[in-house]
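All remarks here apply to the structure that follows.
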Amino acid sequence: MSELELLQKKLKRALSARKMAEHILEQKAIELFNSNQLLKEANAKLTGEVAIKSNQLQEREQRYKKFIDGATDSIYNFTEELQFLYVNNRTVELLEYSEEELLAMTVAELVHPNYLEMATSFFTDILEKQKKSAYIEFPVVSKSKRLIWAGTNITYVDDTSGVYYSAISRDISERKSIESDLSSARVHLERSEHKYRGILKNLQLGLIELDTDRRITYSNLIFQKMIGYSEDELLGAVPAELFLHKDDYPIESSIVSSDSSVSTNVYDVRLILKDQSIIHVLISKSPIYNIRNDVIGSIAIHYDITERKRLETELVRAKEIAENAQKEQQKFLAVMTHEIRTPLNSIVGMSHLLSDTKVTEEQEEYIGLINNASDMLQSLVSDILDLSKIQSGKQELVEEDFDLVKHLRNCISSIKIRSSDPDVVLLFEHTDYDKLWMRSDKKMIHQIVTNLLHNAVKFTKKGSITLKIKRLDRPNMIQIAVADTGIGIASDKLKIIFKEYEQANDYIHGIYGGTGLGLSICQKLATKLNSRLEVYSTLGKGTTFFMNLPIQMILDRNKIEKKIKPDDQDLSHLSILVAEDNSMNQKYISRLLEKKNIKFHIADNGAIAYSLASHHKFDLIFMDIHMPQMNGYEASMAIKKEGLNINTPIIALSASTLIAQKEEAIASGMQDFLSKPFNPNQLYAVIEKYNPAALKLSTDDEKISISEKNYQDLDRDTIRQFFGDDREYKMDMFQLFVDQIPTDLHDLEEAYRAGNLQLISQVCHKIKPSFQMVGLLKIAELVRKIEHEAGLEDTSVLHDDHKIFDILNGGIDVIKDEIITLHNID
Amino acid sequence: MKGMVFTEFLEMVEGQHGYELVDQIIEDCELESEGIYTAVGTYPHSEMVQLIVALSQRSNIPVPDLLHTFGRYLFDTFLSKYPGFFKEADNAFDFFSSIQEYIHVEVLKLYPDAQLPEFRTILKEERQLHLVYESDRKMSTFALGLLEKGLEYYQEEADIIVENLESDGSKVLFKIMK
C-alpha cells in the first residue's frame, strides 16, 4: 500500500472519529441543557422556600422580641461608648425613662456616681480581655431618683451589626437589703458571743477548746484552778495524756470514735489533778465549726461532780443494804410461817377429827376453844404471808367465772358460824341481783370481804353487820360494801387504817388484838382488782367499808342457772394414792377419805409411791413435796414418764405457799397444789374437781364439743311434758318441725357462708325452742352455745360448720323416723 | 472501555512502528467500530483484546509484554492529562495505596460508565507495600507497567514481586519492597 493511500485511510478514519466525537459532544450538550433546565427549576423552588423560611424567621424574631419585652429581667444593649442601642420594656419600666429618652442616654448617666468608676473599668476589662460573659452588681438611679441595685450579666458581642455589649439586669434591691440586715445581725452575734464568753468566764465551769488533733488551744481560769496546771502547761497538751484517768480512756475514745463531729456529747470521767488527787467531772463536749461548716475543733465544759458522785455511791450502797434487809425479812417470814404451819396443820386436823369422836359437852367446848385459837393463829400467819407475797409482787391474779351472789353468801355463812353473838345480826343485801355471774379473781374478793366481815364482827357488839352488793349507774361497775353498827373510827384515824401495822390506837390492839395488817392487805388486793377500798365512819355509830369494782359480767349465765354437778358427789368409786411421810398427816387424810368411802393407798415416801403407781391405776394422786428417799417432784416426774398413771392428775401437798415451789410442782408434771393445813372441805373440793366424771361435765360446759355426744338422743320425758298422751298433737308438731326447720337451716347456712355472727346468733335463737320441744335436748343445747358464742362475736364458731350442719340435719332425720313410727302404731 | 485507551494505544503503535502496522492490525481484526475511535467515546473491551492479539501476532511480542509496555506508556499520558492525582501524594507508597480509595473514586465521578479493576492495599509498612490486583480483564502486566513508572516518577527504588493468586491471572499480588 502506498504512503498516500495509507494517509488517505488515516485521514478518513480521523474524519470519521471527528464526526463521531462531534455527535457525542452534541449529545452531551443536550444532556447539559436538560440538566441546566432542571437546575433552574430547583433554584426557583428553593427561592420560594427561602422566602417562607425567612418569613418564619421574622415571626420568630417577633416572638423573641415580645418575649424579651415581656421579660421580668431588664435586657439592653449598649455601645463601647456606653450609648444605649436597645432597651426592653422592663428596662423602661424600672428606670422610669421612656424608650426614646434612654436611647439618647449612656449607661454612665444611670449608674450611681460612687460606683461609676468601678462599673466603667469593669466594662473596659470585658472588652480588653474579650470576656464572653461577666457578672457585676451596682446601684442605678431611676428618673425619680430611686436607688435600684442591679445584678447584671454582660456579654461582649461582635457580630455583623458591629461591636456592642448585651446586658441582662435583675433588680436585687431586696437581696441587698437582706444582706445588709445580715451584716448588722453578724455584729449583734459577735456582741452576744462576747457576752456569753463573759458569762462563761464567770461561771464555775472549766472550759477548754481543742483543735482537731485534740490538743488544748484555750483553757479558762476556772479550768486551770480545777486541774491545778497553769495555762502554759495546758496549752498544746492532749487531755488523755496529761490528766485523764487511765480507766476512763475507753469512755473518751468511744466519744471520739462516735460521730462527734455532728453531735454534742455529755459524759462523766475522772481527772487526775497536778497534785495527783482525783476528781469526777461531767463533760459536755461539742464540735466547733468554721463558716464553711467544717469541724475545726471542739469545746469541752467541765463541771466538778466529785461531791455528787460520793453521795451517789453512798446512796447506792444504802439502797443495797435496805433491799437485802427486805429480802432477808421476806425469807424469814416465809420460813417462819412454814415452820408454824406444819404443827398448826396437825392441831387443826386433829381437832376436827377429835370433834368427830364421841366427846362430852365439856370436851366439845375445849375443842371449840382449840379451833378458835388455831383459826386465829392460822389467819395471822396467812396475813403475814399474804403481805410478804404482795410486797414481793408475787400475788398473781387468777380469774375465773363465778356467781358473786352465791360466793358472798358463802362468805357470810362462814362468818355466821364463827360469830355466835346473839346481839349482832348478819345481813346480806343483794336486791339488785339474784345472780351475778362475772369473771374476776374469786379468792381475792373472798379475802377482802372476809377480812372486812371479820373486822366488823370484831368491833360490833350490838346491832347489825350488812354485806351489800349494789348496782352502780356506770356500766359494768358494782359496789360491794360492809356496813356495821360498831364502835366506829375517829375521823383523824381514817387516813392511817390502810397502812401496814397501824391500828386506830394502841387501846384497840390491847382489847381486840390483831396484827394491823388486814386492811392494808385488803387495800393492796383491791388495787390488784383495779379498785380501791374506801371508808366512812362515825365514832360510836358504825363504819362502812366499800369498793367500786369494775367487772366483766357473764349475762348468759345470769339468766340460766345450770346445775353443773350434784351437791354431794358420790366419790366412792374413786381410787386415790396418797404419798405423805408425816404419820399424823397420813392419819388425818386417811380419816377424811374413809368418811367418803374412797379407796386409797398410803405411801411413806416417793419411792414407794412410784412403785405403787407402776402397779395400780389411780384416779388421783396426792403428793407431799418433802419426803425422804424420793421427793415429790422426782416421784411425779417418774410417774408421768411411763406406766399406768401417765394421765392421772397429781396434786402437790405442801406447807409452803411460795410461788416458786408451785411453779416447780407444775414443771414436774403436777396439776394442782393443795396447801397445808387444809380443812376437809378443801380436800374434798380438790377431789371433786379432779373426779373424772365431774371433769367431763365441766369440760363439756366450757366448749362446744361436737364429736363425742350422741346428739340424736330423744328425751322422752320432755316430749311427754310437752304433749302428754296426745299423739295427734305430737305428730302435728313433729310434722311442723320437719316442714319448717330446713328453711331455717338454709338461712343459718347462708349466715355461716357470709360469716355473719349476728345473724347466726339470731337464727339459733329462733330454732332453739323447736329442738327443745321435740325432745332433741342435746342439739338444743348445742344451738344455745352457738347462739351464745356467736353473740360474743367469737369467730371460732365458724370453724366447725360442716359437723354442726350434719348434727342439725341428723336431728331432722330422727324426727322424720319418729313420725313414721307414730304412723305405724296407727 | 474508554476511547482514550484506544486512541493512546493506536498512537503508541503508530509512534513505535508507523501507521502501516496500525492499519494492518485494524484490518486484521474486522472491528465493529472499524477502528475509528475518539477519546470522548466508549467502546467494547473485546476490541482492545482483538487489537493487542493482532499486534502480538504481527510483532511476535507476547501479549503480557505488550500490555506491560502499554502500561508504562499510558502512565505518561495520565501524568500529563491528570496531574492533580499525582500532586496529592508525596511518595509512591502513598500514591499506590490511594488508587483504590481516591483515584478510582474520582474517575468514576467523571466517567460513571468506566469499568475499573480492584486495587486493594492489604499491607503498608515503611519499607513494603502489598497490593492485590483483581479484574476479569486479567491485565496485571499493564498494572505492573503503571507501578514501575510510578516508582520512577517519585524517584524511588524498589523491587516488585508478582505472585498469581488465581492461575488465570484475574487476581494478582504485588509485593513492592524497598
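Only the coordinates and a few stated rules stand behind these numbers; no lab work does. If you're wondering where the values come from, they're calculated on a predicted model, not measured in any experiment. Positions of Cβ are backbone-derived with ideal geometry, glycine not excepted, and every protein chain shown enters the neighbour counts.
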- Query: Which angle between 0 and 90 degrees, to the nearest 10, do you get for helix A:680-690 versus the longest principal axis of chain A when only C-alpha atoms count?
  - Reply: 50
- For A:Tyr97, net neighbour charge (Lys/Arg +1, Asp/Glu -1) across residues whose Cβ lies under 14 Å away: -2
- Item | Relative contact order (percent, whole number), chain A, Cα cutoff 8 Å, 6+ residue spacing | 5
- Item | Length-normalised contact order of the stretch A:716-825 in % [C-alpha pairs under 8 Å, at least 6 apart] | 32
- Item | Inter-centroid distance (Cα atoms) of the stretch A:518-544 relative to the stretch A:101-178, Å | 92
- Note on the structure: For peptide B:25-36, the mean count of other chain Cβ atoms within 10 Å per residue Cβ is 2
- Once amide H atoms are built 1.01 Å from N in the peptide plane, which residues 5 or more positions from A:Tyr86, or in another chain, come under 5 Å H to H? A:Asn77
- Query: Among the aspartates and glutamates, which fall within straight-line cross-link reach of A:Lys10, defined as a Cα-Cα distance under 20 Å, with same-chain neighbours fewer than 8 residues apart omitted?
  - Reply: A:Glu22, B:Glu8, B:Glu11, B:Glu14, B:Glu20, B:Asp23, B:Glu27, B:Asp28, B:Glu30, B:Glu32, B:Glu34, B:Glu47
- Item | Proximal lysines to A:Lys195, defined as alpha-carbon separation beneath 24 angstrom and excluding residues fewer than eight positions away on the same chain | A:Lys225, A:Lys285
- Would you mind calculating the gained length between A:Asp125 and A:Ile199 on full extension (0.36 nm times residue separation, minus the Cα-Cα distance), in nm to one decimal? 21.5 nm
- Tell me which residues come under 5 Å, amide H to amide H, from A:Leu549 once H is placed; ignore anything under 5 positions away on its chain. A:Ile478, A:Gln479, A:Ile480
- Task: Please give the length that would be gained between A:Glu750 and A:Tyr536 if that part of the chain were fully extended, namely 0.36 nm times their separation in residues minus their C-alpha to C-alpha distance (nm, one decimal).
- Result: 71.2 nm
- Message: Can you sort A:Phe545, A:Phe459 from fewest to most other Cβ atoms within 10 Å of each residue's own Cβ?
- Response: A:Phe459, A:Phe545
- Over 32 Å (Cα to Cα) among A:Lys45/B:Lys109; A:Lys599/A:Lys640; A:Lys524/A:Lys640; A:Lys19/B:Lys109; A:Lys468/A:Lys499; A:Lys499/A:Lys587 -> A:Lys524/A:Lys640; A:Lys499/A:Lys587
- Task: Scan around A:Ala150 for amide H atoms under 5 Å from its own, H built in the peptide plane at 1.01 Å from N, and keep only partners 5 or more places away or cross-chain.
- Result: A:Phe138, A:Val140, A:Ile172
- Between A:Lys766 and A:Lys462, the two model label points (7 Å from Cα along the beta-carbon direction) sit apart by a distance in nm of 6.7
- To the nearest 10 degrees, how steep is helix A:442-459 against the longest Cα principal axis of chain A, on a 0 to 90 scale? 50
- Item | For the stretch A:725-739, 3J(HN,Hα) per residue [Karplus equation, 6.51 cos²θ - 1.76 cosθ + 1.60, θ = phi - 60°, Hz, x = Gly/Pro] | 9, 6, 5, 4, 4, 4, 5, 4, 5, 4, 5, 4, 4, 5, 6
- Peptide ranges A:123-136, A:621-634 listed from the most packed, as the mean C-beta count within 10 angstrom indicates: A:621-634, A:123-136
- Message: Under a crude label model (7 Å from the Cα following the beta-carbon direction), how far is A:Tyr267 from A:Arg63 in nanometres?
- Response: 6.6
- Taking the highest mean first, how do the peptides A:214-223, A:321-330 order by number of other beta carbon atoms within 10 angstrom per residue? A:214-223, A:321-330
- As straight-line cross-link partners of B:Lys124, the qualifying lysines (C-alpha separation under 25 Å, not fewer than 8 residues apart within one chain) are B:Lys87, B:Lys138, B:Lys149, B:Lys171, B:Lys175, B:Lys178
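Given chain A, what percent of its DSSP beta bridges are antiparallel, to the nearest 5? Mind dumping the intermediate values first?
Working: 81 of 104 bridges.
Taking every DSSP beta bridge within chain A, about 80 percent pair in antiparallel fashion.
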- Task: Using only Cα atoms, tell me the angle between helix B:3-17 and the longest principal axis of chain B; keep it within 0 to 90° and round to the nearest 10.
- Result: 70
- Query: Taking N as the number of residues in chain A, what is its Cα Rg relative to 2.2 N^0.38 Å?
  - Reply: 1.91
- Taking the mean number of other Cβ atoms within 10 Å as a proxy for protection, how do you rank B:144-154, A:361-371, A:462-472 from highest to lowest? B:144-154, A:462-472, A:361-371
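For peptide A:2-12, compute the average count of partner chain beta-carbon atoms within 10 Å of each residue's beta-carbon. Please report the intermediate quantities before stating the final value.
On the way: counts 0, 2, 0, 1, 5, 1, 0, 6, 4, 0, 2.
Average neighbour count from other chains, rounded to a whole number: 2.
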- Item | the stretch A:625-636 - phi-based ³J(HN,Hα) in whole Hz, Karplus 6.51/-1.76/1.60, Gly and Pro as x | 7, 8, 9, x, 6, 9, 7, x, 4, 5, 4, 4
- Note on the structure: Expected integer from the mean partner chain Cβ neighbour count at 10 Å over A:24-33 is 1
- Note on the structure: A:His245 neighbourhood, Cβ < 15 Å, K/R = +1, D/E = -1, net charge -3
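Determine the relative contact order of the stretch B:3-61: mean sequence separation of Cα pairs under 8 Å and six or more apart, normalised by residue count, in whole percent. Could you put the intermediate results ahead of the total?
Working: 41 pairs, mean separation 25.5, N = 59.
Relative contact order for the stretch B:3-61 comes out at 43 percent.
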- Query: What's the FRET efficiency of A:Ser413 with A:Met584 using the Cβ-Cβ distance as r and R₀ = 41 Å, to the nearest 0.05?
  - Reply: 0.90
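Rounded, prolate or oblate, given the Cα gyration tensor of the stretch B:67-177, with a/c below 1.5 counting as rounded? Don't skip to the answer; put the middle values down first.
Working: a/c = 1.39, a/b = 1.06, b/c = 1.30.
Since a/c stays below 1.5, the shape of the stretch B:67-177 is classed as rounded.
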- Simple label model, 7 Å out from Cα along Cβ direction - A:Glu101 to B:Val63, nm: 9.9
- Within the set of other residues whose C-beta is less than 15 Å from the C-beta of B:Asp159, count the net charge using Lys and Arg as +1 and Asp and Glu as -1. -3
